[in-house]
Amino acid sequence: KQDDDQLIIDAGQKQFGATTCSSCGMVYSLDNPEDNFQHNQFHQRFLESIKYVGWKKERVVAEFWDGKIILVMPGDPKYAIKKADDVRHVADSELGFQQLTLSRPTQAKTYLFINSERMVVGCLVAEPIRRAYRVLEQPEHHKDMTKDDFMERHRAWCCSTVPEQALCGISRIWVFSLARRQGIATRMLDTVRSTFVYGSHLTKQEIAFSDPTPDGKQFATKFSNT
Ligand code: ACO
């Protein structure tokens, strides 16, 4: 088949062009064997990173009908730290974070949501902080002007210059793409509230999100009721 705009050969294959894998998130070309090979490799590594075999000593901080949340702390056995690092790298690569190590590894607590198929489908990294800067509400007339949903989600937002007291900073929160909108992020945050500071329950105001993505902002807005 030939026409002026044709860039790929139509040899009867079922699908053309770039596609995004709904589980590992890789964008690749279905009709390119090299791309398919790269995708297979990446996909296997991704599944390996989120696979959870179970540990003799695990710190279970919450249990649900569809899974449990375990907490990994600095100083835990190597295998636990490695799993937390592996899952964090998966989240970081999806978030486009370049920084591969934590800014304060000795203080960070990692919460992992394990589903009933023994996969880590949620990861949250929380760090102690002292202050945070509130995201300012957008003026009403702007809201009317931006009818386009995409623009609304991706526009820049402004923060107050006045610091407010906060105790816990969420440096990353990530849920496996196929497990979203099942309350996993909400349950991880509720667990942080009750376990981050021993013996006390944090209010929603004492938790701050670092530089959220559009998804993260929508979620944080709902979670904080702001
Ligand atoms: N768009 C609009 N509203 C949303 C979205 C979204 N993408 N995600 C969550 N919400 C709101 C909804 O009101 C939702 O309630 P509903 O499902 O009853 O309507 C409510 O938040 C609770 O959502 P959860 O199910 O608890 O959230 P989920 O488990 O899906 O995880 C998360 C949300 C972590 C943002 C997930 O979409 C994700 O991993 N995205 C990619 C990574 C990312 O952007 N992480 C945030 C980075 S910012 C940071 O790390 C500080």
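The values are calculated or read from the model by the stated rules, or taken from the named source; none is laboratory data. The structure presented is a predicted model; accordingly, all values stated were derived computationally and were not measured. Note: ideal-geometry Cβ built from the backbone for every residue, glycine included; neighbour counts use all protein chains shown. We work out accessible area using only protein heavy atoms, side chains counted, and drop any ligands, DNA or RNA first. Shrake-Rupley method; radii C 1.70, N 1.55, O 1.52, S 1.80 Å.
Can you pull out every residue in region 83-104 that is acidic (Asp, Glu) and either touching a helix residue (DSSP H, G or I) at 6+ places or on another chain (Cβ under 8 Å) or within 14 Å of the ligand (Cβ to nearest atom) (or both)?
Those that are acidic (Asp, Glu) and either touching a helix residue (DSSP H, G or I) at 6+ places or on another chain (Cβ under 8 Å) or within 14 Å of the ligand (Cβ to nearest atom) (or both): Asp86, Asp92, Glu94.
Please specify each residue of region 13-49 satisfying the condition of being open to solvent by less than 70 Å² (accessible area, probe 1.4 Å), within 30 Å of Ser116 (Cα to Cα) and in contact with a strand residue (DSSP E or B) (Cβ under 6 Å, 6 or more places away or on another chain).
His39
Taking only region 105-136 into account, find how many residues are under 27 Å from Phe46 (Cβ atoms) and not acidic (Asp, Glu).
So the answer is 19.
Scanning for something modelled with pLDDT of 85 or more and either in a loop (DSSP other than H, G, I, E, B) or open to solvent by 80 Å² or more (accessible area, probe 1.4 Å) (or both), does region 158-167 turn up at least one residue?
Yes - at least one qualifying residue is present in region 158-167.
Can you pull out every residue in region 209-226 that is more than 7 Å from the ligand (Cβ to nearest atom) and within 17 Å of Ala126 (Cβ to Cβ)?
Matches in region 209-226: Ala220, Ser224.
Filter region 168-189 for residues that are without any contact (Cβ under 8 Å) to a residue 60 or more places away in the chain and out of contact with any Leu (no Cβ under 9 Å at 6 or more places or on another chain); which is most open to solvent (accessible area, probe 1.4 Å)?
Arg181
May I ask you to list the residues in region 168-211 that are part of a loop (DSSP other than H, G, I, E, B) and closer than 22 Å to Ser23 by Cα?
Result: Phe176, Arg180, Arg181, Gln182, Gly183.
If you take the residues in region 213-223 that are farther than 15 Å from Met188 by Cβ and in contact with a strand residue (DSSP E or B) (Cβ under 9 Å, 6 or more places away or on another chain), which one is surrounded by the most Cβ atoms within 10 Å (Cβ to Cβ)?
Restricting to residues being farther than 15 Å from Met188 by Cβ and in contact with a strand residue (DSSP E or B) (Cβ under 9 Å, 6 or more places away or on another chain), the top hit is Lys217.
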